[in-house]
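Visitor: Pasting in a structure now, in structure tokens, and then I'll have a few things to ask.
Coordinate-derived values only; no laboratory data. On a predicted model such as this, the values are computed, not experimentally measured, just so you know. Because the Cβ atoms are built from the backbone with ideal geometry, glycine has one as well, and the counts that use them run over all protein chains shown.
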Amino acid sequence: MSARNLLAALTLVVLCLLVWELRWVLLVLFGAVVLAVALDVPIRKLMQLGLPRHLSLLVVLALLILGGALVIQLLVPELLTQLQQLTSLLPSLVEKLRSIIASQPRLSELEQSIPEQFSWERIQPVGFQLLGVAGGAANGLIQLLLMSLLAVLMALDPGSHRRMVIAATPRPARPMMKRVLDQCRAALGGWLAGMTLSATAVFLLTWLGLVLLKAPLALLSALICGLLTFVPTNGPTAATLLPLGLALLISPTLTLQVLILRLVLQNLEAFLLTPLLLRRTVNLLPTVALMAQLSLGALLGLPGVLLALPLVVVLQVGMELVVVRQIMDRWS
């Protein structure tokens, strides 16, 4: 190995170690880019009406604040009430599950082991774990605030940030970098808009269906189902557990009805609504999306799961334009 190749290999190793050490900084930066693109979609619509960018940004932020305040005023009191009801219903749900387990002879050993799992010796360390969770929540809140501030600054002047990235690219690759940035922005903006509409539709349809079925805690269950739509493949399935468990307290008939409702809505969202809304953006394969969520979730936890799909959208565009077209298609 020549000295030049050795130096290149060492440089690559150092860069990889640096990226790993700065992974949380890069995660906050990428989250800010995602939020900035989300803000840029309505900003561009307002700019087409003749408003300058800074006024368009102020209008969008004002609408978000007013809309958030309205949602908080309308939904939060009901959500708090339903959360209190959920805490009071959880013991009943546990007893219901234990009775179902006890009625099955093959599951009797599991039913006998449940009290052992909740002994004082096992519960005592939970207090220390809760302190760690509280510290992690405070750290996450600080990161979210920093991410939001960076997103507003990027949305205020995206052209300067774009020119900075292009200027850091070697001159022969600058035209390609411009294409990559433009198409990544278009794909990410379309994906965010489509997923937001899809999640809103799932929330409203689930809320309406659970209200018509007279299921308990309909608003809380629908909100969780809508939010977990942003985590495809396993998110909607996990969201179904809450309304199913609550319906189990009422009757097996209601449980079956809630299950059918969620299956219908999940298939409607997965095979009709989302493909229709995302037909002009990147088409993510379910296997790629699931592997990205598992990988980033193992490395970065919940923030990695939430940002896995936007990152895959960007990487897929870059891979197609650079790796496939510039390298693989020209291989001889």
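Visitor: Using the 10 angstrom Cβ neighbour count as an exposure proxy, how do HIS54, HIS161 rank, fewest first? Intermediate values should be presented prior to the final figure.
Guide: Values: HIS54 12, HIS161 16.
Exposure proxy ranking, most exposed first: HIS54, HIS161.
Visitor: Hey, got the dipole for the chain? About the Cα centre, +1 on K and R Cβ, -1 on D and E Cβ, debye to the nearest 20?
Guide: For this selection, approximately 1340 debye.
Visitor: Report the longest stretch of the chain that contains none of the chymotrypsin sites (Phe, Trp or Tyr not before Pro) sitting in a DSSP loop with at most 10 other Cβ atoms within 10 Å.
Guide: On the way: sites that count: PHE118, TRP331.
Longest run free of exposed loop sites: 119-330.
Visitor: If I stretch the segment between ILE166 and LEU17 completely, what's the gain in nm (0.36 nm per residue apart, minus their alpha carbon distance), one decimal?
Guide: On the way: separation 149, 0.36 × 149 = 53.64 nm, distance 2.46 nm.
Contour length minus Cα-Cα distance gives 51.2 nm.
Visitor: Taking the 0 to 90 degree range and rounding to the nearest ten, how far is the long axis of helix 158-167 tilted relative to the main principal axis of the chain, both from C-alpha atoms?
Guide: Helix 158-167 sits roughly 60 degrees off the main axis of the chain.
Visitor: What's the longest uninterrupted piece of the chain once you rule out the trypsin sites (Lys or Arg not before Pro) that are loop residues per DSSP with at most 15 other Cβ within 10 Å?
Guide: 1-213
Visitor: Return the inverse of the average 1/r over all pairs of distinct C-alpha atoms in the chain, which is the Kirkwood hydrodynamic radius, in Å to one decimal.
Guide: 23.6
Visitor: Hey, what angle do you get for helix 23-47 against the long axis of the chain, alpha-carbon based, 0 to 90 degrees rounded to 10?
Guide: 80
Visitor: Something else: Run the quick spin-label model on GLN73 and ALA8: label points 7 Å from Cα toward the beta carbon, then report their separation in nm to one decimal.
Guide: 6.3
Visitor: Kirkwood Rh, Cα Rg: Rg to Rh for the range 186-285?
Guide: 1.02
Visitor: Calculate for the chain the 222 nm mean residue ellipticity that helices alone would give, adding -39,500 (n - 2.57) per DSSP H run of length 4 or more and normalising by residue count, nearest 500 deg cm²/dmol.
Guide: Per the formula, -27500 deg cm²/dmol.
Visitor: Using only Cα atoms, find the angle between the long axis of helix 286-300 and the longest principal axis of the chain, and express it within 0 to 90 degrees, rounded to the nearest 10.
Guide: That helix lies at roughly 90 degrees to the long axis.
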